[in-house]
Amino acid sequence: MADIKKINIFSKKKFWAGILSAQFLLFFILSKFESTVIVFERFFEIQKSLHQKIFAVFPFSVGDVLYILLAILMIFYLSKIFKKNSRNKFVLKFLILLNFIYFLYQIFWGMLYFQKPLTDRLSDDEITLQDTKTLALEYLSLCKKTRNLVSEDRNGVFKLTDLKKTEQEILQQQHQLPSFINSKKPTGINSFKTSLWKGIMSSTGILGYYNPFTGEAQFNPELPSTYLPFTLAHESAHQLGFAREQEANFIGYLIGKDSKNAELKYSTQYFVLKSLLNDLVEKDPKFVKKVIRNYSLGMKRDRLAEKMFIKKNEGLLNDFFGFTNDLFLKSNRQEGSITYSYFSVLLIRYEKMDHHK
């Protein structure tokens, strides 16, 4: 009788392991069909509003609390799995939990990585080194002008004065996105949340993240002010339904580029400038050094503050998360965190179109 029970439990484990494998295969196949990806896009339009309405009312990050509870549950299951007398029972529970989480992740978010790329909505003009350099110089000039309009702390470093005002401006600017780029509807709901993991985020180099289970946009409040407004704009792009990191950067750029809020505008322009210089650093290091030398005094202080923040928080955690995040991005049809070329392609092609109007 005991043997029959063991066989029964084992067959259940095989069943749930098989279901998980079937899910991997099913979502992989679905991702290959444009029509099914569009269905998931439409479903996201419905559920994003619902999620944000439910969870925005809480003053803390509900998603982070869920992650903490999930981590505790998984650690508990794993501890039981290592004990012989409870192994079979908890392997089964662990597999059921994995199936449930993976299914929710895919229907809420994962399939959005396979949307048609934004490059399809822009011209396919060839991008030259000169295009990138010209735009870098243009954004150097814009940064210098906008830097004069923002506040500073006692060390002369850019300081964000009103976080809530910036958040509201981002939500307003979502309505101004070009219709040929964006067909997604803004919810107008403020669901930006301070992450409960801010210390860990600083040590890992993670600026912010979107929680697909709650629709919240988490951010690290310890970030230098140069990072913060654009990080919020980037995460808000995820809330709209842009899954790919570099596309979220592009939408964040569109949100901030023409904002009347000088703090959001400067953070956006500065991000664009740094991105272009990062793209040029191996192709023309002399040009990059020359541009940095021509930063205004305020911009140089901001750059130093960023470098000090990175230096203060660098370490093994930063290296580990940078490596794992790079693998994750590449596995989801993205280029990885070490390159800015896809963002640069979107940016330069859009700017060229904008200039020709």
Point to revise | Which numbered condition residue 120 fails, given (1) in contact (Cβ under 8 Å) with a residue 60 or more places away in the chain; (2) of a type outside the set (Val, Ile, Thr); (3) closer than 30 Å to residue 36 by Cβ | key: (1)
Exercise for review: Give me a count of the residues in the stretch 272-289 that are closer than 27 Å to residue 179 by Cβ and either surrounded by fewer than 24 Cβ atoms within 10 Å (Cβ to Cβ) or out of contact with any helix residue (DSSP H, G or I) (no Cβ under 8 Å at 6 or more places or on another chain) (or both).
Suggested key: 1
Check your understanding: Out of curiosity, is residue 119 polar (S, T, N, Q) and assigned to a loop (DSSP other than H, G, I, E, B)?
Key -> no
Revision key, fill the gap. Listed by range, strands (runs of 3 or more DSSP E) wholly within the stretch 187-237 having at least 3 residues that are buried (at least 23 other Cβ atoms within 10 Å of the Cβ) are 217-219
Check your understanding: Is at least one residue of the stretch 66-87 closer than 22 Å to residue 240 by Cβ and small (Gly, Ala, Ser)?
Key -> no
Exercise for review: Filter the stretch 12-49 for residues that are touching a residue at least 24 places away in the same chain (Cβ under 8 Å), out of contact with any helix residue (DSSP H, G or I) (no Cβ under 9 Å at 6 or more places or on another chain) and not polar (S, T, N, Q) and give the result.
Suggested key: 45
Practice item. Take the stretch 122-158 and flag every residue that is over 15 Å from residue 275 (Cβ atoms), within 24 Å of the chain's Cα centre (by Cα) and not in a loop (DSSP other than H, G, I, E, B). Key: 158
Review point. What residue, of 76, 60, is under 22 Å from the mean Cα position of the chain (by Cα) and of a type outside the set (Gly, Ala, Ser)?
Key: 60
Check your understanding: Scanning for something under 16 Å from residue 251 (Cβ atoms), surrounded by fewer than 17 Cβ atoms within 10 Å (Cβ to Cβ), outside the structural domain of residue 65 (by TED's automatic domain parsing) and not charged (D, E, K, R), does the stretch 146-156 turn up at least one residue?
Key -> no
Practice item. Could you please give the count of residues in the stretch 172-219 that are under 16 Å from the mean Cα position of the chain (by Cα) and either modelled with pLDDT of 90 or more or under 19 Å from residue 51 (Cβ atoms) (or both)? Key: 17
Review point. Is there a residue in the stretch 94-103 that is without any contact (Cβ under 8 Å) to a residue 40 or more places away in the chain, out of contact with any Lys or Arg (no Cβ under 8 Å at 6 or more places or on another chain), part of a helix (DSSP H, G or I) and crowded, with 17+ Cβ neighbours inside 10 Å?
Key: yes
Practice item. Report yes if some residue within the stretch 65-77 is of a type in the set (Phe, Trp, Tyr), surrounded by fewer than 13 Cβ atoms within 10 Å (Cβ to Cβ), over 17 Å from residue 209 (Cβ atoms) and outside the structural domain of residue 219 (by TED's automatic domain parsing); otherwise report no. Key: no
Exercise for review: Those residues that are crowded, with 16+ Cβ neighbours inside 10 Å and part of a loop (DSSP other than H, G, I, E, B), I need them from the stretch 26-47; list them, please.
Suggested key: 31
Point to revise | Boolean, residue 122 is touching a Lys or Arg at 6+ places or on another chain (Cβ under 9 Å), buried (at least 16 other Cβ atoms within 10 Å of the Cβ) and within 22 Å of residue 248 (Cα to Cα) | key: yes
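The values are calculated or read from the model by the stated rules, or taken from the named source; none is laboratory data. Predicted, not measured: the structure shown is a model, and the values here were computed from it. Cβ: placed from backbone, ideal geometry, glycine included. Neighbour counts: every protein chain shown.
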